[in-house]
Structures are given as structure tokens and as C-alpha cells.
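One structure below.
The values are calculated or read from the model by the stated rules, or taken from the named source; none is laboratory data. Given the structure is predicted, the values throughout are model-derived calculations rather than measurements. A quick note on method: Cβ atoms are made from the backbone with ideal geometry, for glycine too, and the neighbour counts reach across all protein chains shown. Each accessible area value is taken on the protein alone, full model and side chains, heavy atoms only, with ligands, DNA and RNA left out. Shrake-Rupley method; radii C 1.70, N 1.55, O 1.52, S 1.80 Å.
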Amino acid sequence: MQLEDYFNFLTPNDIRLKGTRVGIETVLYDFIHRCQTPEEIAQSYPSITLEQVYATILYYLHKKEEVSEYIADWLDHHHKMVEEQRRNPPSFVYKLRKLRAEREAAKSKE
């Protein structure tokens, strides 16, 4: 089995663990930025195996420059989407905010 056999390369910016919807960025973010162990990562995501976590880390170590760029692009995109959602939240967020304000107003009248 080749290391690449553990992954589905959907696009250059979308690499997932084979048989799952989990992207390698999820595993690597937990490993690199949250300093989680492979065992902790595997426990956090029931759809992936410990073997897949180790394969992802090994893939990262073998192609560190390429995968680091992939992660940097993913983080940049993530931050842009969070900011976009903050500026233009979905309509249900407005409804939730309105409900919260109404509840707080009712509590302050009590």
C-alpha cells in the first residue's frame, strides 16, 4: 500500500481521508496547532482510524513544504470565511439575536 492510498485527492485544495469526509487539515491542525496526540485525534473523530491519523502525519512529514502551504491556504480561507460570516451572518442568526434580546429584556423586567 502506498501512502497516497490513504487519501482522496478531490482537488489540489481538498484532500480527504479515504472513506471519510475528514480533510487532512482537520487532523494536521489538531496535531500541529493543538498539540494533540494521534490517539487523541483518533478519539475525537470516530469516522477515522488511528492508522489514518498516523498516515496523515507521515504524509505531512514526507511533503512538509507542500502540505504546510496547503494548511496555510486552508487557514487563510477559513479566516476569510469566518470574517465574512461575522459581517454577513445567516438570517437565523438575526432571529437568535432577537430572541436573546427579548429574553434579556423580559428578565430585566422581573
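Tabulated data for the structure shown
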{"quantity": "Hits in region 14-31 - residues which are of a type outside the set (D, E, K, R), surrounded by 14 or more Cβ atoms within 10 Å (Cβ to Cβ) and outside any strand (DSSP E or B)", "calculated": "Thr20, Val22, Ile24, Thr26, Val27, Leu28, Tyr29, Phe31"}
{"quantity": "Enumeration of residues in region 99-110 that are open to solvent by 70 Å² or more (accessible area, probe 1.4 Å) and either not basic (Lys, Arg) or not in a helix (DSSP H, G or I) (or both)", "calculated": "Leu99, Glu102, Glu104, Ser108, Glu110"}
{"quantity": "Leu96 part of a helix (DSSP H, G or I), of a type in the set (A, V, I, L, M) and surrounded by fewer than 11 Cβ atoms within 10 Å (Cβ to Cβ)", "calculated": "no"}
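Here's the yes/no breakdown for (1) over 15 Å from the mean Cα position of the chain (by Cα); (2) surrounded by 11 or more Cβ atoms within 10 Å (Cβ to Cβ); (3) not in a helix (DSSP H, G or I):
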| site | (1), (2), (3) |
| --- | --- |
| Cys35 | no, no, yes |
| Ile41 | no, yes, no |
| Glu51 | yes, yes, no |
| Thr56 | no, yes, no |
| Leu61 | yes, no, no |
| Tyr70 | no, yes, no |
| His79 | no, no, no |
